[in-house]
Every structure is written in C-alpha cells, then in structure tokens.
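For reference, the structure discussed in these notes is given below.
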Amino acid sequence: MAKQDGITVKKDENFSEWYTQVILKADLIDYSKVSGCLVFKPNSYSLWEEAQSYFDKKIKKDGVKNVYFPLLIPEKLLTKESEHIEGFSPEVAWVTHTGDTKLSERLAIRPTSETIMYDSYSKWIRSWKDLPLRYNQWCSVVRWEFKNPVPFLRTREFLWQEGHTVFATQEESKKESHKILEFYTDLFEKLYAVPMLKGMKSEKEKFAGADYSLSVETILPNGKAIQGATSHGLGQNFSKPFNIKFLDKNEKSQYAWPNSWGFSTRSLGIMLAVHGDEKGIVLPPKIAPNKIVIVPILFTKTKDEVLKVSKELAKTLKKYIPIHDDREDYSAGWKFNEWELKGIPIRIELGPKDIEKKHVVLVRRDTNEKKFVKMSDLDKEISSTLTDIQNNLFDKAKLFLDNSIGEADSISNLKKLVNDKKIGKVNWCGSVECEGNIKEKTGAKSLNSEFNKVGKGKCFACESNSKFVTYFGKSY
C-alpha cells in the first residue's frame with residue numbers, strides 16, 4: 001500500500017486520530033448521513049457475525065431461545081416503570097407521524113426492550129410450570145446520546161443482543177445474573193483476548209429500574225475505562241407494573257423475578273482499540289474470519305509456477321479460510337501493508353526461491369516475527385502460531401490493564417491516577433452523594449465493585465465507613 005495510505009499518527013500520541021484512521025483505512029465502517037449511525041462494511045460486520053455465533057451457541061447450550069419483538073414501543077408501555085423511563089427519557093427517539101397524520105400515541109424507537117417484552121410475558125406466564133422463561137433477541141437499538149459519537153464505542157444506533165429471562169425465585173434470578181456475567185467474561189477474554197474487571201455497578205450507575213447491575217469493564221489505551229457488558233437483576237420492579245404473576249406449587253399467586261443482560265457492537269471497538277498498533281488493526285485469531293493470507297511473490301518468468309503452488313497451498317489450508325491474494329496490479333510490499341492494516345493474523349509469503357527450498361515465509365501480525373517453515377510442517381506451525389498469537393494478545397492486554405490500576409486513599413490520589421490515565425482502586429462507602437462529589441472533583445465515576453470484597457476502614461473520599469472495594473476512572 002502506498003505510504004500515504006497507512007496510519008499517519010502514533011497510537012500513544014493521538015489515540016483519537018489513530019482510532020479514526022484505523023477503522024476507516026481498515027475498511028471497517030462508513031459514516032452515514034445521520035450523526036452517530038454507522039454503516040458496517042463487510043470487514044466489521046463479519047467480526048460481529050463471529051461474536052454473535054460464539055455467544056449464541058453458548059446461551060443456546062444453556063437453554064436460552066431466540067425471539068424477535070417489534071422495533072416500535074407504545075409510549076404507555078415505556079412509561080409503566082417510573083425509574084426506567086426516567087433513566088432513558090433523554091435518549092428516546094420518538095415516531096410521531098405517519099406521512100402528514102399525527103399518531104394518536106407516540107411510538108418509541110426501541111432503546112431497550114424490557115417494556116414491550118414484559119407486556120407479552122404477562123400474558124404468557126401463568127403457572128410455575130411456565131418458568132423459567134429464558135428468551136434473547138439480536139437486534140438494534142437507538143439511544144440518542146448527546147455526547148460526541150465515537151464509532152463502535154458510542155453510537156446512537158448499535159447492534160446488540162438483549163436477554164430477558166424470568167424466574168420464580170430471587171435466588172434463581174441472582175444465580176443467572178452472575179452466570180451470564182461469566183459468559184460475557186469468557187466472550188471478551190477468550191474470543192476478543194481482552195481482560196475484564198468483573199463487579200457490581202454502584203447505585204448511581206446501575207441500570208434504570210434494576211435492583212442491581214453487574215458489569216465487565218476494562219481500560220483503553222487512552223486511559224478511559226469502558227463498560228463491556230452488563231447483567232441486571234430487575235427484582236420485581238418490572239413484574240409488578242407489568243403484572244407478571246404466576247401460581248406457585250401451592251396455588252398461591254406470586255410476582256416473578258426478571259433479569260436482563262446484553263452486549264453490543266461496542267465490544268468490537270474495545271477489541272480494535274486494545275490490540276491495534278501503528279500498522280493498523282490486529283485481530284485475535286479466534287474472531288478473525290480469515291486466519292491467514294497467502295501472498296505469492298510474482299515475477300514474469302516464474303509467475304505461473306508460483307501461482308500454481310500457492311493455489312494448491314490455499315486448498316490444503318482451507319480450514320483457516322485463507323485469502324489468496326493473486327492480484328498482479330499491486331506490488332508484494334503494497335499487499336503486505338494492506339493485510340497488516342486489516343489485521344490478518346498470519347501472512348504466508350511464497351516466491352520462486354521458497355518453492356525451490358520447499359518452504360514458505362510465515363509472518364505473525366502481532367509481533368511481525370518472520371520465520372521460514374517447511375511446507376510439510378506448515379499446517380502444524382500455523383495452528384500453534386494462531387494459539388500463540390491469541391495468548392500473546394491477551395497477555396499483553398492483561399499486563400496493560402494491571403499496570404493501569406493504582407490504589408488511592410484520597411480524592412487527590414485518585415485525581416492524580418486519573419490524570420495519569422489510570423484507574424483507581426479504592427475503599428468506598430458506596431453512597432450516591434459521595435460518588436457525585438468524587439465525579440465533581442476528579443472527573444472519575446465508579447466502574448464497578450469487586451465481588452466478595454468488603455472495604456476496609458473509612459471511605460477514601462469521606463468519613464463514612466467503607467463498604468466496597470471499587471474501581472473509579474474516567475470513562476466512555
């Protein structure tokens with residue numbers, strides 16, 4: 001690729017500009033005419049399909065079934081749960097007319113689907129025999145955020161899955177909310193190779209209408225923390241207004257216990273931001289649709305022979321879904337740069353001299369390490385190298401996360417950590433008022449609090465007793 005087509009800024013010097021260049025030049029997205037609404041091009045949508053497939057298999061194996069509910073939600077449904085609508089009201093986009101005719105009732109463009117799904121659940125659930133009800137839908141939602149949109153990381157329309165499950169008891173509900181969070185941890189750490197901090201959201205930051213919210217969070221190279229996925233225990237806050245009741249085994253009427261949980265295309269942006277480098281994006285092998293690219297080195301006299309061998313190689317290695325780049329109107333160097341920019345995990349170079357020696361040149365995208373590999377050993381070498389790349393990307397990201405966390409015992413110490421682009425780990429009281437004060441003085445908000453950890457001594461920010469061990473940071 002021509003030099004001017006490459007990335008022109010360093011990731012650690014201007015993250016925002018680097019990120020914009022990377023996602024555009026890797027041909028992942030295009031901007032639409034509506035601010036904050038993206039066009040997902042094949043290079044990014046294929047990644048979402050891989051993530052969908054991975055997670056869909058996991059939840060189906062666990063007994064969840066997929067459904068689909070309408071995009072439009074009548075206003076009377078959206079306003080049934082007061083905390084919920086209060087939390088979402090500023091972000092809701094409304095349909096008010098059909099043609100020139102004003103609708104008798106406004107219709108919300110789905111910001112999330114609790115209200116419309118629970119209206120149906122109230123009709124479907126009658127007995128304890130109908131529980132648990134465990135449904136999920138893959139769809140898009142619209143949340144009209146007024147902050148500056150950032151592709152993948154903060155968009156007004158995004159793709160996601162939303163699981164909506166209902167249980168007979170609070171204990172079952174709690175058990176599932178934690179299990180789903182483990183599913184999300186697995187998704188990020190095993191597929192995306194991105195380490196996560198697991199914990200409970202604060203009262204201030206929990207989902208609108210939930211009893212509690214669990215989350216996985218991480219940090220990006222610019223020092224901003226970001227939420228990866230959430231799992232909410234909704235208590236009976238929705239089952240009561242939506243009348244989701246059932247007769248238990250003793251023929252007594254009981255309100256049910258719903259949960260909701262989701263992750264979105266934001267996760268792609270997290271992965272791209274964490275692993276990318278000055279050459280472009282770096283795809284973890286497990287999510288890369290094409291694990292390898294084969295680039296034949298073409299010269300006029302030996303072209304036919306090289307192409308013949310490289311095509312045979314592509315057939316032999318078909319389980320890796322190889323890209324066979326036999327274009328003749330681009331130089332080998334141009335192709336190398338293009339596939340590095342697009343993050344293909346392994347590049348195989350094959351020229352006439354390589355054929356003579358019965359080997360190829362294998363190049364790793366994560367480290368740019370080159371090695372000669374005998375053709376007879378190539379399949380085995382690719383397999384082990386892909387595993388090494390996946391592990392290396394995770395280990396590198398884990399080291400960065402670990403080094404980005406510092407302990408703070410005062411607001412001034414937290415402010416210093418945040419200014420140094422780090423996350424603060426603190427003993428905290430958990431109060432809404434205290435969190436507001438911390439945000440005002442440091443610009444940081446709570447990310448989540450560690451499970452099974454009780455804060456020691458006094459709160460780092462006030463004189464109250466500490467209850468939690470909590471992560472604070474600036475975030476998206």
C-alpha long axis of helix 378-403 to longest principal axis of the chain, angle in °: 50
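So, by mean Cβ neighbours within 10 angstrom, what's the order for 251-261, 448-458 with the highest one leading?
Working: 251-261: 19.5, 448-458: 14.2.
Sorting 251-261, 448-458 by mean packing, highest first, produces 251-261, 448-458.
What is the magnitude of the charge dipole of the chain about its Cα centre, with +1 placed on the Cβ of each Lys and Arg, -1 on the Cβ of each Asp and Glu, and no other charges, expressed in debye to the nearest 20? List each step's numbers first, then the result.
On the way: 76 positive and 65 negative charges, 102 e Å.
The calculation lands at about 480 debye.
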Pairwise centroid distance, computed over Cα atoms, of the range 129-176 with the range 366-445, Å: 26
Of Gln390, Thr316, Ala332, farthest towards positive along the dipole that unit charges on Lys, Arg, Asp, Glu beta carbons give the range 289-447: Thr316
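How many percent of the accessible area of the chain is carbon or sulfur, using a 1.4 Å probe?
Details: 10990 of 22410 Å².
Carbon plus sulfur share of accessible area: 49 percent.
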Accessible area (Å², per residue) of the range 22-169, counting only protein heavy atoms and a probe of 1.4 Å: 49
Cα gyration tensor, the range 412-457 - rounded (a/c under 1.5), prolate or oblate: oblate
Of Val432, Leu399, Leu417, farthest towards positive along the dipole that unit charges on Lys, Arg, Asp, Glu beta carbons give the range 396-435: Leu399
Solvent-accessible area per residue, Å², over the range 332-476 with all protein chains present [probe radius 1.4 Å]: 50
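For the range 288-347, what class follows from the C-alpha gyration tensor (a ≥ b ≥ c being the square roots of its eigenvalues): rounded when a/c is under 1.5, otherwise prolate if a/b is larger than b/c, else oblate?
On the way: a/c = 3.14, a/b = 1.23, b/c = 2.56.
Taking the square roots of the gyration eigenvalues as a ≥ b ≥ c, the range 288-347 is oblate.
Ordering Tyr19, Tyr212 by accessible area with a probe of 1.4 Å, largest first, what comes out? Can you show the working numbers first?
Values: Tyr19 5, Tyr212 50 Å².
Ranked from most to least accessible, the order is Tyr212, Tyr19.
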Folded to 0 to 90 degrees: helix 266-275 orientation relative to the chain principal axis, Cα: 40
Sum of side-chain charges, Leu234 neighbourhood, beta-carbon under 10 Å (Lys, Arg +1; Asp, Glu -1): -3
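Can you give the helix-only mean residue ellipticity at 222 nm for the chain, where every DSSP H stretch with n ≥ 4 adds -39500 (n - 2.57) and the sum goes over all residues, rounded to the nearest 500 deg cm²/dmol?
Details: 13 runs with 156 residues, N = 476.
Helix-only estimate at 222 nm: -10000 deg cm²/dmol.
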Rounded if a/c under 1.5, otherwise prolate or oblate - the chain, Cα gyration tensor axes: prolate
Within the range 33-162: Cβ-based charge dipole about Cα centre, in debye rounded to nearest 20 (Lys, Arg +1; Asp, Glu -1): 340
Cβ charges +1 (Lys, Arg) and -1 (Asp, Glu), total dipole of the range 298-348, debye: 240
With Cα atoms, 0 to 90° folded angle of helix 332-341 axis to the chain main axis: 10
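Considering Cα pairs under 8 angstrom that are at least six residues apart, work out the relative contact order of the range 12-114 and quote it in whole percent. All intermediate terms of the calculation are to be shown ahead of the outcome.
Values: 69 pairs, mean separation 18.6, N = 103.
Reported as a whole number, the value is 18 percent.
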Cross-link pairs Lys342/Lys421; Lys33/Lys65; Lys65/Lys201 - those with Cα-Cα distance over 31 Å: Lys33/Lys65
Ordering of 197-203, 440-446 by packing [mean C-beta count within 10 Å, highest first]: 197-203, 440-446
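For the range 213-265, what does the accessible surface come to per residue with a 1.4 Å probe? Please give it in Å².
Working: 1620 Å² over 53 residues.
Computed with neighbouring chains in place, this is 31 Å² per residue.
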Of Ala256, Ala444, Cys139, farthest towards positive along the dipole that unit charges on Lys, Arg, Asp, Glu beta carbons give the chain: Ala256
5 angstrom amide H check on Lys445, placed H, neighbours 5+ away: Gly473, Lys474, Ser475
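Could you grab the relative contact order for the range 278-359? Cα pairs under 8 Å, six or more apart, rounded to a whole percent.
Values: 114 pairs, mean separation 40.8, N = 82.
Here the relative contact order equals 50 percent.
Which whole-number percent is the relative contact order of the chain (Cα, under 8 Å, 6+ apart)? Please report the intermediate quantities before stating the final value.
Details: 960 pairs, mean separation 67.5, N = 476.
Over the chain, the number comes to 14 percent.
The values are calculated or read from the model by the stated rules, or taken from the named source; none is laboratory data. Because the structure is a prediction, the values reported are computed rather than measured. When we count neighbours, we look across all protein chains shown, and the Cβ atoms used for this are built from the backbone with ideal geometry, even at glycine. Note: areas computed on protein heavy atoms with side chains; ligands, DNA, RNA excluded. Shrake-Rupley method; radii C 1.70, N 1.55, O 1.52, S 1.80 Å.
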